[in-house]
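> Structure provided below as structure tokens; questions to follow.
The values are calculated or read from the model by the stated rules, or taken from the named source; none is laboratory data. Model, not experiment: these values are computed from the prediction. Note: ideal-geometry Cβ built from the backbone for every residue, glycine included; neighbour counts use all protein chains shown.
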Amino acid sequence: MKIAVAGKGGVGKTTVSGTLARALARSGHQVLALDGDVNPMLGISLGVGPEETDRLVAARQALDGGRLGHEPTAAGLVDKFGTDAPDGVRLVVVSRIDEADPG
Ligand SMILES: Nc1ncnc2c1ncn2[C@@H]1O[C@H](COP(=O)(O)OP(=O)(O)OP(=O)(O)O)[C@@H](O)[C@H]1O
Ligand SMILES: [Mg+2]
């Protein structure tokens with residue numbers, strides 16, 4: 001199951017996303033939370049803390065600025081740009097996807 005959360009500024013996207021991710025994880029689902037927001041603060045909502053959230057934001061900025069290489073595999077991406085959040089959620093801060101295949 002894939003769930004996308006979108007909407008205009010300040011409507012509660014990050015809060016709903018974090019709560020939904022943790023609730024699903026607590027009920028036994030394996031949850032991968034992808035933060036593609038221009039202001040990626042899902043880490044705060046998920047409870048990983050400001051320092052770890054900033055680290056992931058910095059990694060994406062380094063990627064977008066060409067200072068960090070792209071990760072060609074899904075597993076590598078989840079490892080390199082992700083962190084473990086409470087309740088078993090895995091958070092990954094993602095950049096633009098240029099060539100997404102149907103998967
Ligand atoms: N259901 C709710 N009831 C009341 N306040 C809420 C609710 N959901 C979120 N908020 C509050 O609204 C504000 C905006 O929420 P949030 O940051 O989740 O929105 P957002 O859509 O992610 O914003 P942005 O576009 O800036 O990323 C926060 O202060 C949050 O605590
Ligand atoms: Mg937000």
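> Can you find a residue in the stretch 55-69 that is charged (D, E, K, R), on the phi > 0 side of the Ramachandran plot and away from ligand 2 (no atom under 15 Å from the Cβ)?
no
> Follow-up. Identify, please: which residue in the stretch 31-43 is over 15 Å from LYS8 (Cα atoms) and touching a Leu at 6+ places or on another chain (Cβ under 9 Å) and is, among those, surrounded by the fewest Cβ atoms within 10 Å (Cβ to Cβ)?
LEU32
> Out of LEU77, LEU56, LEU46, I need the residue that is farther than 20 Å from GLY12 by Cβ and either aromatic (Phe, Trp, Tyr) or at pLDDT 95 or above (or both). Which one?
LEU56
> State yes or no: is GLY9 within 16 Å of ligand 1 (Cβ to nearest atom) and exposed (fewer than 13 other Cβ atoms within 10 Å of the Cβ)? Explain how you work it out, then say what you get.
Numbers: within 16 Å of ligand 1 (Cβ to nearest atom): yes; exposed (fewer than 13 other Cβ atoms within 10 Å of the Cβ): yes.
Yes; evaluated as a whole, the condition is true for this residue.
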